[in-house]
Each structure stands twice: as C-alpha cells, then as structure tokens.
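Every number here is computed from the coordinates shown, using simple stated rules; none is lab data. All values derive from a computational prediction rather than experimental measurement. Note that each Cβ is placed from the backbone with ideal geometry, even for glycine, and that neighbours are counted across all protein chains shown.
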Amino acid sequence: MYFSEERGQKHAASGLGRARQGRVLIIEDSRAVSSVMRHRLEGEGLCRVTECASAEVFREVMRGGGTFDVAIVDLNLPGALDGEVLDAVIAHDIPAIVFTADFNRDLRERLLRKGVADYHVKNNEGAIDMVVSSVLRLLGNRDVGVLVVDDVPSARTMLADLLRVQKFQVYEASTGHSAMDILARQPHVELVITDYNMPDMDGYELTCRIRRDHNSDRLRIIGISSSSDRLLSASFLKAGANDFVYRPYVVEELQCRIQHNIETLAQLRQLRVAAFSDYLTGLPNRRFFFDDGPAQVAGRLERGEACCIAMLDIDHFKKLNDTYGHEIGDRVLQAVGARLARRLDGSGHLLARLGGEEFSVLMLGLDVEAGSALCETLRQDVESLRVALDDQDLSVTMSIGLAEIAGHESFSNYLAAADQLLYLAKSYGRNRVYSETMLS
C-alpha cells in the first residue's frame, strides 16, 4: 500500500487502488448526445473516448487497428439503419452497450441473443447517467474474478459466457473440491456462483466450506438452482450465501444481482480504506500497521526470513509548527509521507504514519545491515526534500531508529525497541540512523 508523491499531497486516502483506464467507442449520430457522453466519461478520468458519427467512420476506426474495452452503440445510424454496426462490434469482441430511442420486447430478445452487455433507452434525462454507469461498471469488472461452479457443462458455459460479456475474469469448476482449489490459487476471486446439485458435495456444503475461510466482506456467494424446492434458497442463505436465484432466471435480474454483490464489496473496501488510512497523508495508519504487521512478521519468522522495524521522526517538528503554523506543518507531513511512499513503492515493505510526526516502516526480508542502508536512503531523501512556502523553500530532516526482529515477541515490543533507538539517534544529534549494531 504505497502512494505517489502527488497523490499523497492531495489527501488521496481514498485511493489505495487505482482503476485502469479504458478505451471507449461511442457510435452515435447525434453530436449533442455523443459530446455529452464523451464529456462525462473523460471527466471521470478513467476513459479515453473515440467518437463515430456514422457506420463509415466506425469502419475506418476499426480498419486503423483500434482496440476498445467498451462500445456504446446507437442502432440507427447513417449507412446502417438495421443495426449492422452492433453485429460488427460484437464480431470484434467488444462489449456493447446499446443506447436506442426505439425499444420493445422483440428488440430486447434480439439484443440478449446477440450477447450485448447492457441496453438503455433514450427516454429520460437520466438515460446518459445510466449509460455512463454501465461503462464504468464494465471497466471495473475487468479486475474482478468470478467462479462458476456447476457440474452440467451446458449450464456452466451459459453462465460463464454471460459473465465474460460483463468483462469479468471467469473461472469454472465442475465439483466442489475443484472450486476450493481454484479459490486457494486465485485470491482475487470476489464472487462464487454455485449450483446446488454436484457429485462430490452439494452447493450448501460448498457454501459452508467457503465461509470457513472467506468472510462475506471479501467474497460473496450466490446460489443457483432449477429445483422446485422453495426452501432451498433459505438453506443457502443460512449457510452463508448472499443471494439465491432460481432457474430459469431473467438475464437482467441475474446481472443486477451479480453487480449489486460486486458493488457491496467495493463499498466495504472503501470503508476499510477509510478505517485504515491516515486522513492527512493517505498512508496506512497506526490501526492498519498493528493489524497487518504482526501477521507479516509471523510469516517471515516461520520461514526463517529476516525482518526489522524502523521508527522515523521529523526533527524539530514542534518548533516548525510554532514558527510557521499548523497548515505548513501539515504540508510538511504530506510531503514527507509522499517522499517515503515513492521510495518504498513496490518494495513490499509496510509504511505507515503512526501519528503526529512519527512514521514507521516494517522492512520484510531485510536484516539490520540491509535495513540500515535503506533507512539511510530514506533519511537522505527527506533531507533533500524542499517544501515550497510563499517566499522560501523549507527543508526538514529526519531521525531514524532501527531494530531487528529476531524472535517471537509482541508487535508493540518490536516498535518499542525501534523507538528507544530513535531516542538515541536524536540524542546523538538528530538527522541520522541509529541501529542495534551501534550499541556495541
């Protein structure tokens, strides 16, 4: 969990993950409608949009080798009044969202047979909002794993194909045991859709087993069955499933139930981010550090790997606050946090702001010598930092205490040892790294 310097300075606590940008194709002959959709999508910062006002422009774009994640398609275009462009979009394996003024049940059936990702009708002021929501939903689905468990190949394939149209990463299992194996190997799976009748264990038992290892705030389960037993849904829900659908299902209803569960997980992730993020710097906070750190240390010690812990403190921070004010002090904290995050980005080490001017780094896989070298790099990075004021640049320094984690103790004890070494670093003049190796 690390942050770029720019994001740290913008209080980006809500952005522990960043969505990948998508390419969106708008095929619409109304310039006004197309422009509004483009403005909305590009304004979200997640989309690059290409507009096509006719079938011929669309063909030119595709001849140019364009690749797209989603297409918004009007069915009635100059040069293609019978929906030929939609067929071409689907033939290029681009998920299609149909946006049309004319709609009826026969058209709905044809669209579903073609395999469109979604459809919306141009009949109200909120229609464009719904199209934009569908696009962002499909783009967000790209990193979500969904596991389909069903021993009947045709039923499993039908459901898997429906999910792939929605841009999910889909995994398939024909037995409960193979489903558990996939979950163990694919931790990014967020949703399991399981049938009831299977050869090795039924969906009820599979749901119970999944819930032993995966909480509902990180993985959702939807039961599905063609059984006429109306109590089956209750048994699934009591076992820990989040939803249940009887076959034959209405495609749109199933899509909505799936998406509601995915959106619930996203909202829960945002709550965890808020709970575990420092409001000022966007870094993980003390709560997260003490929640995640012990497990990280235990795993390293179990494997016989080295790790150490550092306490970092901005020198003379109280004097800085008294001299320049708390607003400048906050700006310094943001800049220091962002500089540390940029240096540690991708390292696998855990950086957190513990409070006030104190930061900590749990260095995984490093002994005290390697940890000292990294701490010295961090100290130099902070020393070279310049924080812009109205009429001058402000520089700061940092003292660091580093303790090796050599045996099983409480996490607080590890941190207390680093804090004692930080005290020595300050006693010996500040702006330095002090480790256990210097005690002898």
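Quick notes on this one:
- Restricting segment 210-270 to trypsin sites (Lys or Arg not before Pro) that sit in a DSSP loop and have at most 13 other Cβ atoms within 10 Å of their own Cβ leaves Arg218, Arg230.
- Gyration tensor verdict on the chain (Cα atoms; rounded if a/c is under 1.5, prolate if a/b is larger than b/c, oblate otherwise): oblate
- Dipole of the chain computed with +1 at Lys/Arg Cβ and -1 at Asp/Glu Cβ about the Cα centre; of Gly240, Leu77, Val98, farthest Cα towards the positive end is Gly240.
- Each other residue within a Cβ distance under 15 Å of Ala239 adds +1 if Lys or Arg and -1 if Asp or Glu, for a net charge of -1.
- Working from label points 7 Å from Cα in the Cα-to-Cβ sense, the Asp181 to Val251 distance is 3.3 nm.
- Computed about its Cα centre, the charge dipole of the chain is approximately 200 debye, with only Lys, Arg, Asp and Glu carrying charge at their Cβ.
- Taking GluC sites (Glu not before Pro) in DSSP loop conformation with at most 15 other Cβ atoms inside 10 Å as exposed sites, the chain has its longest uninterrupted site-free stretch at 126-304.
- Positive contributions from Lys and Arg (+1) and negative ones from Asp and Glu (-1), summed over other residues with Cβ under 10 Å from the Cβ of Asp278, come out at +3.
- Summed residue charge, Cβ within 15 Å of Gly115's Cβ, Lys/Arg positive, Asp/Glu negative: 0
- Taking every C-alpha pair closer than 8 Å and separated by at least 6 residues, the mean separation divided by the residue count of segment 150-256 gives a relative contact order of 22 percent.
- Segment 288-342: trypsin sites (Lys or Arg not before Pro) falling in loop per DSSP and having at most 14 other Cβ within 10 Å: Arg303
- Globularity index of segment 190-339 is 1.61 (Cα radius of gyration / 2.2 N^0.38 Å, N = number of residues).
- Summing Cβ point charges (Lys, Arg +1; Asp, Glu -1) relative to the Cα centre of segment 322-430 gives a dipole of roughly 120 debye.
- Rounded, prolate or oblate (a/c below 1.5 giving rounded, otherwise prolate when a/b exceeds b/c) for segment 27-78 by Cα gyration tensor: oblate
- Residue-span extension gain [Asp391 to Thr377] - 0.36 nm each, minus C-alpha spacing: 2.2 nm
- Taking the Cα centre of segment 17-139 as origin and assigning +1 to Lys and Arg Cβ atoms and -1 to Asp and Glu Cβ atoms, the resulting dipole is close to 420 debye.
- Ranking Val250, Leu312, Gln21 by how far each Cα lies toward the positive end of the dipole of the chain (charges on Cβ) leaves Val250 at the top.
- Relative contact order computed over segment 324-421 (Cα-Cα under 8 Å; 6+ residues apart), in percent: 21 percent
- Convex hull of alpha carbon positions in segment 316-362: directionally averaged projected area 3.3 nm².
- 222 nm mean residue ellipticity, helices alone, for the chain (DSSP H n ≥ 4; -39,500 (n - 2.57); rounded to 500): -14500 deg cm²/dmol
- Most mobile of Asp330, Asp322, Asp151 in a GNM of the chain (Cα contacts under 10 Å): Asp322
- Cα gyration tensor, segment 17-139 - rounded (a/c under 1.5), prolate or oblate: rounded
- Relative contact order (%) - the chain, alpha-carbon pairs under 8 angstrom, separation at least six: 14 percent
- Acute angle (nearest 10 degrees) that the helix 105-114 long axis makes with the longest principal axis of the chain, alpha-carbon atoms: 60 degrees
- Number of Lys pairs (Cα under 21 Å; 8 or more positions apart or on different chains) in the chain: 4
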